[in-house]
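One structure is given below, encoded as structure tokens.
The values are calculated or read from the model by the stated rules, or taken from the named source; none is laboratory data. Quick caveat, the model's predicted, so the values are computed rather than measured. Here the Cβ is made from the backbone with ideal geometry for all residues, glycine too, and neighbour counts use every protein chain on show.
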Amino acid sequence: MEQLAAAINLRHSVRKYKQEYLSAEDEAKLTRKIEEINKESGLSIQYVDARDTSISRMQSAVFGRFGGTVNYIVMAGRKSNDLEEKCGYYGEQLVLFAQLIGLNTCWIGMFRRDNDQIRLAREEKAVIVIAVGYGVDAGRPHRSKSYEEVTINGQDAPDWFREGVEAALLAPTARNQQKFRFEYRDGEAIASSLHGAFTAVDLGIAKCHFELASGRNMKPE
Ligand SMILES: Cc1cc2nc3c(=O)[nH]c(=O)nc-3n(C[C@H](O)[C@H](O)[C@H](O)COP(=O)(O)O)c2cc1C
């Protein structure tokens, strides 16, 4: 887990990919990590290789911004109240892992759900997908809210809390909305989010970053 923190500063969303399939080695590393996370989380995360798919089936209007050879990670699991947040928390571990092995990624909320590449058992739901491949470039830093805007009692907080929030501010969020909040209360960090589309996924992602930088456990129950 600790190594993943090194990828936080390097990661940016990338939407244009090289015309290159994943090497056998990179694919093996990624699918092994997916298996590991499925075991730990109980999720049913799937890898969809660009070779065995008619990619256009996954695309929607928004997805037209993407180009090149795109593989996907489908974040799915049994329906539950915390499925979205779990998909964010564990999906971001995959995003950072992918970054560490030289791949680029982009979360995609706007994908086609009526899609025969996504195989779901009964009671399961595909929450979101993550594009993965070799980026044409590394992307660039996003505009960010300030520490003060996303914290409550942040002025009194110790370094670990500050470092956690700074890492959360580097996290990807849908439309860069950054609707999460971290409150410092009784020596602990309490994370919450405002209402809106994909805010529960965003919260899981922000918690993943916060945990990696602060060392405080933020794992969904
Ligand atoms: C839950 C979620 C959904 C997203 N959906 C899309 C999408 O449908 N299309 C897209 O191009 N980018 C999407 N993104 C990427 C965000 O636009 C991007 O993370 C944000 O602008 C911040 O930029 P950065 O990831 O480069 O830091 C999504 C990100 C998240 C976390």
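Numbers below:
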{"quantity": "Any hit, segment 82-100, residues being at positive phi and in a loop (DSSP other than H, G, I, E, B)", "calculated": "no"}
{"quantity": "Members of segment 141-165 that are under 15 Å from residue 209 (Cα atoms), among the hydrophobic types (A, V, I, L, M, F, W, C) and more than 16 Å from the ligand (Cβ to nearest atom)", "calculated": "160, 161"}
{"quantity": "Exclusive hit being more than 17 Å from the chain's Cα centre (by Cα), not in a strand (DSSP E or B) and not assigned by TED's automatic domain parsing to the domain that holds residue 68, set 162, 119, 181", "calculated": "162"}
{"quantity": "Residue selected from segment 203-214 under the condition within 10 Å of the ligand (Cβ to nearest atom) and small (Gly, Ala, Ser), by the criterion surrounded by the fewest Cβ atoms within 10 Å (Cβ to Cβ)", "calculated": "204"}
{"quantity": "Selection from segment 130-154 of residues that are exposed (fewer than 15 other Cβ atoms within 10 Å of the Cβ) and in a strand (DSSP E or B)", "calculated": "152"}
{"quantity": "Number of positions in segment 166-175 that are within 9 Å of the ligand (Cβ to nearest atom), without any contact (Cβ under 8 Å) to a residue 40 or more places away in the chain and part of a loop (DSSP other than H, G, I, E, B)", "calculated": "1"}
{"quantity": "In segment 67-118, the residues that are away from the ligand (no atom under 14 Å from the Cβ) and among the basic types (Lys, Arg)", "calculated": "78, 79"}
{"quantity": "Meets criteria (over 26 Å from residue 41 (Cα atoms) and either more than 16 Å from the ligand (Cβ to nearest atom) or touching a Leu at 6+ places or on another chain (Cβ under 8 Å) (or both)) for residue 178", "calculated": "no"}
{"quantity": "Residue under evaluation residue 190, criteria (1) exposed (fewer than 14 other Cβ atoms within 10 Å of the Cβ); (2) outside the structural domain of residue 97 (by TED's automatic domain parsing); (3) in a loop (DSSP other than H, G, I, E, B), criterion not met", "calculated": "(3)"}
{"quantity": "Subset of segment 188-221 [without any contact (Cβ under 8 Å) to a residue 60 or more places away in the chain, farther than 19 Å from residue 154 by Cα and not polar (S, T, N, Q)]", "calculated": "195, 196"}
{"quantity": "Single unsatisfied condition, residue 110 versus (1) closer than 25 Å to residue 14 by Cβ; (2) among the aliphatic types (A, V, I, L, M); (3) surrounded by fewer than 20 Cβ atoms within 10 Å (Cβ to Cβ); (4) modelled with pLDDT of 95 or more", "calculated": "(4)"}
{"quantity": "Residue in segment 10-33 that is farthest from the ligand (Cβ to nearest atom), counting only those that are basic (Lys, Arg) and in a loop (DSSP other than H, G, I, E, B)", "calculated": "18"}
{"quantity": "Residue 200, sole failed condition from (1) crowded, with 18+ Cβ neighbours inside 10 Å; (2) over 19 Å from the mean Cα position of the chain (by Cα)", "calculated": "(2)"}
